Every structure is written in C-alpha cells, then in structure tokens.
Amino acid sequence: MADAAGMTRQGLYYYFRSKDDILVRLVTDVTAPFLEKTDRSSVDKLRDFTLMLAEDRARNRLRFRALDRSESALSPELRNDFLVARRRVLALLVDAIRVGIDDSSFRATDPRVAALSIIGMCNWVAWWYEPDPGRVVEPLGFIADNAVAMLVRPSSEATVGDALRASLERLRSELDGILGRLD
C-alpha cells in the first residue's frame with residue numbers, strides 16, 4: 001500500500017495507527033460516495049451508480065484488490081465494519097432497483113439478485129481493466145449501459161429512449177475527447 005501511495009511504510013503509519021486502521025479507512029472511502037446520490041430517475045440512478053462503481057474499481061484496482069484479499073486478515077471487529085459497509089452499498093442498490101420496479105422503469109425481477117449481478121460485474125473490473133488511451137469506446141460506460149439494459153422494461157419506450165440518449169451523449173463526449181487529442 002505504501003508503494004501505491006508513493007511513500008515509505010513508516011510514512012504511511014504516520015497517518016494511520018495500524019494496518020487495520022488503513023483497511024477500515026479504505027472501506028469507508030470506497031462506500032461513502034454511493035450513499036450520496038438521491039434525486040435522479042431510476043434509470044439515471046442505476047446508470048450513474050453502476051458507472052461510479054465501475055470507475056472506482058478501474059481507478060483503484062490495487063486498492064480494491066488489497067481489500068478483497070485482506071478481508072480474512074481483518075480483526076473480527078474490523079471485518080464486521082467491512083461487511084456492514086458492503087451491505088450498505090448492496091442495500092442502496094437494491095432499494096434503487098426496487099424503486100425502479102415500483103415506478104415501472106424496470107421489469108419485475110428479484111432486486112437483490114439484480115444488485116448482486118451489477119456489483120459483481122463492476123467488481124470484476126478491478127481484475128481485468130487496463131486503461132487504453134487509444135481505445136475508441138471506453139468499456140466502463142458499456143457496463144453501466146448493460147446494467148440498465150438488464151433491468152429496463154422493454155415496453156417502456158421513454159425509458160429505453162432515455163437510456164439510448166444517455167449512451168449516445170456519452171459516445172459523443174468520448175468522440176470529442178478523441179478528436180481533441182488528434183488536433
């Protein structure tokens with residue numbers, strides 16, 4: 001972790017009391033942003049949540065892997081804190097999916113299984129994703145689009161249209177960025 005932070009181990013422990021303290025702080029920092037978004041449509045909320053989670057796993061691959069691998073090494077109290085934080089993220093996503101089902105944005109499905117599927121899809125990014133500036137289309141946006149496509153009600157043209165418009169806007173933005181690098 002010290003190497004990833006660009007400091008010595010002693011320097012790292014200046015800011016943290018112990019390894020366990022570092023891991024708890026990482027858990028808190030990973031989960032806190034997901035608890036803040038509230039006033040969006042169900043489709044936008046799902047897409048934003050999924051994109052934020054996938055981007056976090058892509059940006060912080062080493063941190064996520066360290067948490068994933070170190071869970072069994074945590075003290076019982078800290079392991080409980082870690083599980084509570086993970087459950088909060090799951091509960092937030094389950095609730096967002098349930099609201100989408102209730103407002104007819106999403107098809108009827110088991111919201112917990114859908115949430116676990118999305119979280120698993122995003123978590124796996126930490127193991128395979130490698131940034132590539134030459135890539136024409138960024139795969140993280142497709143992960144968010146796939147999460148929406150997995151749940152959106154096929155008969156709801158407005159919802160599908162919103163998702164397609166958001167995807168098109170994202171592609172336009174990425175294309176503008178690519179064209180800007182060519183100039």
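Tally up the residues in segment 59-81 that are more than 30 Å from residue 131 (Cβ to Cβ) and either touching a Phe, Trp or Tyr at 6+ places or on another chain (Cβ under 9 Å) or touching a residue at least 12 places away in the same chain (Cβ under 8 Å) (or both), please. Number satisfying all stated conditions: 3.
This table checks each residue for (1) under 14 Å from residue 148 (Cβ atoms); (2) modelled with pLDDT under 80.
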position: 21; (1), (2): no, yes
position: 32; (1), (2): no, yes
position: 73; (1), (2): no, yes
position: 80; (1), (2): no, no
position: 86; (1), (2): no, no
position: 96; (1), (2): yes, no
position: 102; (1), (2): no, no
position: 106; (1), (2): yes, no
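Yes/no per residue for (1) surrounded by fewer than 14 Cβ atoms within 10 Å (Cβ to Cβ); (2) modelled with pLDDT under 80; (3) under 21 Å from the mean Cα position of the chain (by Cα); (4) of a type in the set (Ser, Thr, Tyr):
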| residue | (1), (2), (3), (4) |
| --- | --- |
| 117 | no, no, yes, yes |
| 121 | no, no, yes, no |
| 132 | yes, yes, yes, no |
| 143 | no, no, yes, no |
| 148 | no, no, yes, no |
| 153 | no, no, no, no |
| 175 | yes, no, no, no |
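Under the condition of being over 20 Å from residue 63 (Cβ atoms) and in a loop (DSSP other than H, G, I, E, B), the residues counted in segment 93-146 number 14. Condition (residue is acidic (Asp, Glu), surrounded by fewer than 16 Cβ atoms within 10 Å (Cβ to Cβ) and in contact (Cβ under 8 Å) with a residue 24 or more places away in the chain) applied to segment 82-102: is it met by at least one residue? No, there is no match, as no residue in segment 82-102 is acidic (Asp, Glu), surrounded by fewer than 16 Cβ atoms within 10 Å (Cβ to Cβ) and in contact (Cβ under 8 Å) with a residue 24 or more places away in the chain. Annotation: residue 47 fulfils all but one of (1) over 22 Å from residue 82 (Cβ atoms); (2) modelled with pLDDT of 85 or more; (3) surrounded by fewer than 19 Cβ atoms within 10 Å (Cβ to Cβ); the unmet one is (3).
The values are calculated or read from the model by the stated rules, or taken from the named source; none is laboratory data. Note that this is a predicted model, so its numbers are computed, not measured. Note that we place each Cβ from the backbone using ideal geometry, even for glycine, and neighbour counts take in every protein chain shown.
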